[in-house]
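Q: Below: one structure in structure tokens.
The values are calculated or read from the model by the stated rules, or taken from the named source; none is laboratory data. Just so it is clear, the structure is predicted and the values come from calculations on it, not from any experiment. Cβ placement follows ideal geometry from the backbone for every residue including glycine, while neighbour counts extend to all protein chains displayed. Areas reflect the complete protein model, heavy atoms only, side chains present, ligands, DNA and RNA absent. Shrake-Rupley method; radii C 1.70, N 1.55, O 1.52, S 1.80 Å.
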Amino acid sequence: MKSPFKNMNRFVPSLLGLLLLSACNSSRQQSAEPETVSPTVQPADPNAIANAGAAPTVPSPSPAPSPGDGWQQTYSGIKYKVLRPGTGRRPSSFNRVKVHYHGTLQNGTVFDSSVQRGQPTTFGLNQVIAGWREGLQLMQEGAKYRFIIPPELAYGHRGSPPKIGPNETLTFDIELLEVLY
């Protein structure tokens, strides 16, 4: 009687490869939910938004975009308006960028602002929420855009306490100062 394991040596590497590929695909599917990373800091600093140093502001509701006002929408649902076009380089998903930004909730409450701090920030596009990653790739150096980012491309059902609640739509004015590399 022949051993059923005689030819296993030929199939083990293939089987291991399939298992590894399956595990990679599984982890990709699990990470499809939007990241909960501040658009301005590394994930290691959970208090960055709370400690932004911004003076309290009187909330003023963000105007609802209307089609005739120059607003556009991406396939994923980000609404954006070009406040000032740029002429420089356009970032890719692997680039680091230097930006100035001002983030508000729909009721006008400022939750984070490099503009109010007077200090631009630098980060990799792989370190930010999905809405920023997508939106910044539309811009060229020197441009300033206003983005309205739906919750599923921002912080989702978890929010980013204490400033950003669950399922919040966020508005950002972003000025792309430089594509670093």
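Q: Roughly what would the spin-label model give for Arg117 and Arg90, points 7 Å off Cα along C-beta, in nm?
A: Each label point lies 7 Å from its Cα, and together they span 2.9 nm.
Q: How many Å² of accessible area per residue for region 122-181, probe 1.4 Å?
A: Working: 2260 Å² over 60 residues.
With all protein chains present, region 122-181 gives 38 Å² per residue.
Q: Separate question: What list of ³J(HN,Hα) couplings, whole Hz, do you get for region 127-135 from phi and the Karplus terms 6.51, -1.76, 1.60, once you set θ to phi - 60° and write x for glycine and proline?
A: 10, 10, 4, 4, x, 6, 4, 6, x
Q: Each residue of region 156-162 in order: what ³J(HN,Hα) in whole Hz does its phi give by Karplus 6.51 cos²θ - 1.76 cosθ + 1.60, θ = phi - 60°, with x for Gly and Pro?
A: Using θ = phi - 60°, the values come out as x, 6, 7, x, 9, x, x Hz.
Q: Would you please put 79-86, 135-142 in order of how densely packed they are, using the mean number of other Cβ atoms within 10 angstrom per residue and starting with the highest?
A: Values: 79-86: 15.1, 135-142: 19.4.
Output ranking for 79-86, 135-142: 135-142, 79-86.
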